[in-house]
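Derivation of every value follows stated rules applied to the coordinates shown; laboratory data play no part. The structure displayed is predicted, hence computed values, not measured ones. Glycine also receives a Cβ, built like all others from the backbone with ideal geometry; neighbour counts cover every protein chain displayed.
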Amino acid sequence: MRQAFAYTLAVATFLGLAAHTPLWAEIEAGGSVKADACAGDTTRLGVSRIVEIDTAGGVDVGGDKASAKHLLNDGEVVLTFDDGPMKSVTGPILKALAAQCTKATFFMVGQMALADPDLVKEVIDAGHTVGTHTWSHKNIHVISTAKAQQEIEAAVSLVSKAKGSPVSPLFRFPYLNSTKQTEAYLKTRNIGTIWVDIDSKDYRTRSAKVVEQNILSQLAKEKKGIILMHDIHPWTAAQVPDLLKELHDRGYKVVQLVPKGQTETIASYDAAAEKALSAKLAAKKANPMVSRSIVWPMSAAPTAENVPSAGTRHRLPARYRKVATKPDVADGGSDDAAPVKIPVSKYRRAGKAKDDASPWQFFN
């Protein structure tokens, strides 16, 4: 009990803490980039190019932002996974990627990394790129700038500590929602934002086949793109082997994104992250149940109606202006596909968290 209390207390301390080279270049595998023994095997998907991104001053990559840089040629894709790591899902994905000798970028949630720091190292050891996705998957569009900065920094420090070295200065906004203030903050921190060209929409179906069809149908139209998937859904992991085979058979090439530098972490957040990881280890030894994955307070994708309007905030991306109650047939779903419901209420403590409450709430 004492160790578990120390774990919770350590996490709570997060609240109180508050001339350019070319943007990108192709590089050879080496250093932090791992070349597998199967590299060059044409029977596998592999990695066709490794693109190094200079994030100095911040940069937007991919997506439909006017300022975004587009690095891909026709027939090229970047594989990305958000929201993990989660052993039961991330593990099979890593296995499928290794089988095809290819690489991806994982945008990790800080809480999830703290739940399984060894899995963070496993992703790194496999040669994949690791960025961050906030501490608790808060919708940046509806919280204060100060809380958004806390969400960013807590994740950067925690994932860096779990990784054993500074995490890549690559970031993705939860729900793909940002604010001008938060984007400006990322620029001061020399962190690049990776947007999305191909959305798997794996949060709208439990069908692995539908997820794969969503991706391939969009690729057929767009010819290239940064692909968004989530390594918290079993059906997403289930479709990865077939997806990778289809990408290979259809002649697509995988590009791996790597940063030119590393993120400079903030000492106060580093100290809190170290304390939280130490407390987590002690709690795990005292009670193995503490090692269960943490579930953050997820909610449905925001709609235009539940997001307050403000002149300094960006308009919601089209994909979130109207949220379907079940998968659309037009999006590759089927009429009998049930909507995905994530039962998180049983993990929540009594009472509803207020906006001014700690964003670092754990649900063990």
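Descriptive notes on the structure:
- Difference of contour (0.36 nm per residue) and Cα-Cα distance, Lys95 to Arg49: 14.5 nm
- Which listed pairs, of Lys138/Lys285; Lys161/Lys187; Lys103/Lys253; Lys103/Lys280, have C-alpha distances above 20 Å, in listed order: Lys138/Lys285; Lys161/Lys187; Lys103/Lys280
- Inter-site label distance for Lys180 and Thr145 at 7 Å from Cα along Cβ, in nm: 1.0 nm
- Distance between the modelled labels on Lys87 and Asp118, one decimal in nanometres: 0.7 nm (7 Å Cα→Cβ projection).
- Label point distance in nm, Ser268-Ala286, each placed 7 Å from Cα along Cα→Cβ: 2.8 nm
- Average projected area [Cα convex hull, region 140-184], square nanometres: 3.2 nm²
- Length gained on full extension, Asp64 to Ala37, computed as 0.36 nm times the residue gap minus the Cα-Cα distance: 6.1 nm.
- Of Lys87/Lys245; Lys69/Lys223; Lys95/Lys224, those spanning more than 28 Å from alpha-carbon to alpha-carbon: none
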